[in-house]
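Notes follow the structure.
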Amino acid sequence: MRILILISIITSFQLFSQTNLIINTEARNTTSLNGSWHYIVDPYENGYYDYRYTPFDHYKIPSRGAYYMNAKKQNKSDRIEYNFDKSDVISVPGDWNSQKENLFYYEGTVWYKTSFDYKKTGAQNRQFVYFGAVNYIAEVYLNGKKLGTHVGGFTPFNFEITDLLKEKDNFLVVKVDNKRAADAVPTLNTDWWNYGGITRDVKIIETPANFIRDYKIQLDKNNNKLVKGFIQLDNNEATDVTIQIDELNISEIVKTDNSGYAEVNFGINNLEYWSPENPKLYTVKLTHNNSSFKDHIGFRTIKVEGTKVILNDEPIFLKGICLHEEFAPEGRRANSEKDAIQLFDWLKELGCNYVRLAHYPHNEYMLREADRRGIMVWEEIPVYWTIAWKNKSTYNNAENQLVETVTRDKNRASLIIYSMANETPNSDARLRFLTNLAYKTREMDDTRLISAALELHAQGKERLIRTIVDPFAEVVDILSFNLYLGWYDGRPDKCSKIEWKIKYNKPVTVSEFGAGAKYGFHGDNETVWSEEFQAHLYEENLKMFDRLDQLAGLSPWILVDFRSPRRVLPEIQDGWNRKGLISDKGEKKEAFYILQKAYKNK
């Protein structure tokens, strides 16, 4: 009997997986489920496990005590020990830490529930529920039936709900668990806030019975007069798909094979290339079986030649900054188009043409805004510090987050660099892990560059020679490193003594440098935490990097102060990493203007 139950549990668990990701959801027929959701805090996970710690959803007849059943009391003798409708509410999208004071430091399970009616627009149409992101593990149920599980806090996922959806009284329940784990991605230790919750948009997507689920329409990496890519329908069907770019008088018909797949390959002339100076986007219309939608796509090429980064056949210097997905003035996870606009306003004011989105994939709003504003993007997955390199499930988790990122963002002109990791210690297992990720990335999208934020090594009698000793440097297209000279390593005057010896004939970007400063705290340039110290450190670092012949770009750490539980110094940090050039209140520090001037002169 125990064996049969175990087999039932394992088989059930294997069925819990998401459906293939639908891209460009903003152009689809959608219904928002954003708004006020009821929630229940469940640190012991009583709503998920029975008292033997067996998941309720692993059995054919789950208990009414399972929270996802949304059970209601039927009579005076009925004992139900939860009630969503009488529980508190919370905003979606949003994190629970900033919305509820008693959940500020909470890590664990919170159940979310929303109820809704839905009227289909076509009898043969299909419906999917789409989540922009949920941190970190999401167990999703509709009307008491499990849709599936998603792992990873920063990438989108969707489930088909066509057969479960009713016209009246639907209830969607999501178990959200943001507990950190040693074999997770990211792992236990990070220098950013572990915001829990349904942190991005939730929507229902309605589609025809068969539809264009995925596509790639980009310039060939070796030919800027050729568009290459693919169209993928959701179901197997050999049929025609039309690609129109009216502004260029293009109307191309591709025929899918019996699996619903078609290669895209056509010439293009009189093209206005996307660039920071001219972020040109074309309206691309895709039509299948009389159903159409549009995307706004820019066309450009990006490559490396020796030690140069080449955009549209011209060398370009990446004038950047790092950025967390946080709206500091309100102390929360950024989650809206309005948030993205404010962050990009600051980027443009600083003089940036480039941003490093650290340390995980950001909201799609950010990539769309980057396209519109002409800001090139470094995007990375949260393979951060000490990953469980030898654990196969950890690798599969990282690769899945990578696949979801590339799938969502591969048509964004602004995206020029995929990063595989940040500050990871060298080992054979780590090299295999990252190399496999790089190969997977190039297999999916060979039109972007590969990098990672590496660690520098000190050599020489006085350890003043800086070099890269990392076999993964052979794999990447761009060498990038983090260096905190004058902050974690000596004083700012040490910068004048540094020599560079980098043997690889590749471009170099400095992915991080900087120092902490509390806005409004003043002293001389030797006073740590003062604005003057941070400004002086920037001046000395900028002069040091000017001596690096291979330098192709900078992304100092960081644009805005951000929350971190590692930063506890009273009256200075108070739970904030203070390396921002802008304070948590939106005030610009002296170093902001130092970097702004440097970028203006480059």
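Miscellaneous remarks
- Across the stretch 533-547, coupling constants 3J(HN,Hα) worked out from phi with the 6.51/-1.76/1.60 Karplus curve, θ = phi - 60°, read 4, 4, 5, 5, 4, 4, 4, 5, 5, 4, 5, 4, 6, 4, 8 Hz, and Gly and Pro carry x.
- In this view, the solvent-accessible surface of residue 405, computed with a 1.4 Å probe and all protein chains in place, comes to about 10 Å².
- Axis angle, to the nearest 10 degrees, between helix 364-373 and the longest C-alpha principal axis of the chain: 40 degrees.
- Entry for the stretch 417-479 at q = 0.15, 0.17 Å⁻¹: log10 I(q)/I(0) = -0.48, -0.59, Debye formula applied to identical alpha-carbon scatterers, no solvent contribution.
- Ranking by accessible area, most exposed first, for 499, 404, 277 with a 1.4 Å probe: 277, 499, 404
- Cα gyration tensor category, rounded, prolate or oblate, for the stretch 102-228 with a/c compared to 1.5: oblate
- Per residue, the convex hull volume that the Cα atoms of the stretch 154-279 enclose (Å³): 233
- Distant alpha-carbon pairs in the stretch 53-133 (separation over 17 angstrom), percent: 67
- Extended-chain gain in nm, criterion 0.36 nm per residue less alpha-carbon gap, residue 547 and residue 503: 14.3 nm
- Magnitude of the charge dipole for the stretch 88-218, about its Cα centre and with charges confined to Cβ atoms of Lys, Arg (+1) and Asp, Glu (-1), is about 400 debye.
- Summarised as an ellipsoid, the stretch 473-602 has semi-axes of 27, 16, 14 Å, derived from the eigenvalues of the Cα gyration tensor scaled by 5 and square-rooted, with the largest first.
- Put a plus charge on the Cβ of each Lys and Arg, a minus charge on the Cβ of each Asp and Glu, and nothing anywhere else: the dipole of the chain about its Cα centre is then about 800 debye.
- Between the stretch 332-368 and the stretch 60-127, the alpha-carbon center distance in angstrom: 31
- Residues whose placed amide H lies under 5 Å from that of residue 449, excluding near-sequence neighbours: 417, 418
- Angle in degrees between helix 337-350 and the longest Cα principal axis of the chain, rounded to the nearest 10: 0
- For a paramagnetic label modelled on residue 459 (point 7 Å from Cα along Cα→Cβ), amide N atoms under 20 Å away belong, within the stretch 506-526, to 506-510.
- Karplus (6.51, -1.76, 1.60) ³J(HN,Hα), θ = phi - 60°, over the stretch 26-41, in Hz, Gly and Pro reported as x: 5, 9, 8, 7, 10, 10, 6, 10, 5, x, 8, 10, 6, 9, 10, 7
- Inter-probe distance in nm under a simple model that places probes 7 Å from Cα toward Cβ, at residue 443 and residue 330: 4.1
- Spin-label model, residue 29/residue 601: points 7 Å from Cα along the beta carbon direction are separated by 5.9 nm.
- Relative contact order computed over the chain (Cα-Cα under 8 Å; 6+ residues apart), in percent: 11
- For the stretch 187-242, the solvent-accessible area with a 1.4 angstrom probe is 30 square angstrom per residue.
- Computed FRET value (nearest 0.05) for residue 496 with residue 566, which takes r as the C-beta separation and R₀ as 45 Å: 0.90
- Fully extending the segment from residue 88 to residue 269 would add 59.4 nm, taking 0.36 nm per residue of separation and subtracting the current Cα-Cα distance.
- Theoretical gain in end-to-end length, residue 120 to residue 225 [0.36 nm per residue, Cα-Cα removed]: 33.6 nm
- Part-to-part distance (alpha-carbon centres) for the stretch 387-421 and the stretch 241-280, which is given in Å: 26
- In the chain, the portion of solvent-accessible area held by carbon and sulfur atoms comes to 47 percent [1.4 Å probe, whole percent, DNA, RNA and ligands not counted].
- Debye intensity ratio in log₁₀ form over the Cα atoms of the stretch 516-583, taken at each q of 0.19 Å⁻¹: -0.77
- Estimated 222 nm signal from helices in the chain, with DSSP H stretches of n ≥ 4 weighted -39500 (n - 2.57), rounded to 500: -5500 deg cm²/dmol
- Label-point gap, in nm, between residue 19 and residue 257 - each point 7 angstrom along Cα→Cβ: 2.4
- Shown is the FRET efficiency for residue 392 and residue 49, computed with R0 = 22 Å from the Cβ-Cβ distance and rounded to the nearest 0.05: 0.30.
- Between 0 and 90°, nearest 10: helix 392-409 axis offset from the chain longest Cα axis: 80
- FRET efficiency estimate (nearest 0.05) - Cβ-Cβ, residue 168 to residue 526, R0 56 angstrom: 0.20
- For the stretch 78-90, 3J(HN,Hα) computed residue by residue from phi via the Karplus equation (6.51, -1.76, 1.60; θ = phi - 60°) reads 7, 10, 10, 9, 8, 7, 4, 5, 9, 8, 5, 10, 8 Hz, glycine and proline entered as x.
- Packing around the peptides 194-203, 453-462, 314-323, 86-95, taken as the average count of other Cβ atoms within 10 Å per residue, puts them in this order, highest first: 194-203, 314-323, 86-95, 453-462.
The values are calculated or read from the model by the stated rules, or taken from the named source; none is laboratory data. In this text, all values refer to a predicted model and were calculated from it rather than measured experimentally. Every residue, glycine as well, gets a Cβ built from its backbone with ideal geometry; the counts of neighbours run over all protein chains shown. Heads up: the accessible areas ignore ligands, DNA and RNA and are worked out on the full protein's heavy atoms, side chains in. Shrake-Rupley method; radii C 1.70, N 1.55, O 1.52, S 1.80 Å.
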